[in-house]
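The values are calculated or read from the model by the stated rules, or taken from the named source; none is laboratory data. None of the values given here were measured: they were computed from a predicted structure. Neighbour counts are summed over all protein chains in view; Cβ atoms, including those assigned to glycine, are modelled from backbone coordinates with ideal geometry.
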Amino acid sequence: MKPIRHIHPHFQYWLKYKDQHLIHLYTDVRMYLLELFPACNEILYHTHALTSVYSISDKLSDAFCMIPIYTQHLNVGFNKGALLKDPHQLLKGTGKLIRHIEVKHPNDYRNLSVQSLIQEAYDFARKDMDKPTMSTGNTISKIKIP
């Protein structure tokens, strides 16, 4: 499949240092999220993990989903996952709000149960948003490269 948006050069700079399996998984998860929500904004960070965050505005507080890439694994994270209905008990984590789904294979996220969670997270973010945004479909890099 053709990517909906190219991966930002700042993100690509750090992504190339990851294991090839993680790169392939990340690329597919990202494509899947952007296919579901092509108008969402993608906000990029490189802190303890290389992370792309998917938001209904240009603010992190309006994010509904994220893909953090760690050294040996990656997750599909939900910024307010503790507030979502999770009838299939897919979400892991013990934090106050953030929950995640462990990703090892495409079938870990390319299924109706996860798609429903992502849709619920998106809907929750839209209801929770302070004010509508005019910023859609953008990639915003917060990454510094040497």
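Looking at region 115-128, which of the residues that are surrounded by fewer than 16 Cβ atoms within 10 Å (Cβ to Cβ) and touching a helix residue (DSSP H, G or I) at 6+ places or on another chain (Cβ under 9 Å) is nearest to residue 89 (Cα to Cα)? Before the answer, list the steps.
The first filter runs over region 115-128 and keeps only residues surrounded by fewer than 16 Cβ atoms within 10 Å (Cβ to Cβ), leaving 115, 119, 123, 126-128.
Now drop any that are not touching a helix residue (DSSP H, G or I) at 6+ places or on another chain (Cβ under 9 Å), which leaves 115, 119, 126, 128.
Details: 115: 14, 119: 16, 126: 23, 128: 23 Å.
Per the stated criteria, the residue is 115.
Please go through region 74-99 and give me each residue that is over 14 Å from the mean Cα position of the chain (by Cα), more than 20 Å from residue 36 (Cα to Cα) and not small (Gly, Ala, Ser), ordered by number.
83, 87, 88, 89, 92, 94, 96, 97
Consider region 1-48. How many of its residues are assigned to a loop (DSSP other than H, G, I, E, B) and buried (at least 16 other Cβ atoms within 10 Å of the Cβ)? Even if it seems obvious, please write down each step before you answer.
Residues of region 1-48 assigned to a loop (DSSP other than H, G, I, E, B): 1-8, 16-19, 37-40, 47-48.
Next cut, buried (at least 16 other Cβ atoms within 10 Å of the Cβ) only: 7-8, 18, 37, 40.
Within region 1-48, residues that are assigned to a loop (DSSP other than H, G, I, E, B) and buried (at least 16 other Cβ atoms within 10 Å of the Cβ) number 5.
Name the residue that is nearest to residue 107 (Cα to Cα), counting only residues in region 49-62 that are modelled with pLDDT under 95 and crowded, with 20+ Cβ neighbours inside 10 Å. Break it down into steps so the answer makes sense when it comes.
Just the residues of region 49-62 that are modelled with pLDDT under 95, to begin with: 56-62.
Going one step further and asking which of them are crowded, with 20+ Cβ neighbours inside 10 Å, we end up with 56-57, 62.
Values: 56: 25, 57: 29, 62: 27 Å.
Applying the filter and picking the extreme gives 56.
Give the residue, chosen from 103, 114, that is touching a residue at least 60 places away in the same chain (Cβ under 8 Å) and either aliphatic (A, V, I, L, M) or within 25 Å of residue 18 (Cβ to Cβ) (or both).
Numbers: 114 fails: touching a residue at least 60 places away in the same chain (Cβ under 8 Å).
The conditions single out 103.
Kindly indicate which of 44, 97 is aliphatic (A, V, I, L, M) and farther than 21 Å from residue 13 by Cα. Explain how you work it out, then say what you get.
Working: 44 fails: farther than 21 Å from residue 13 by Cα.
Residue meeting the stated conditions: 97.
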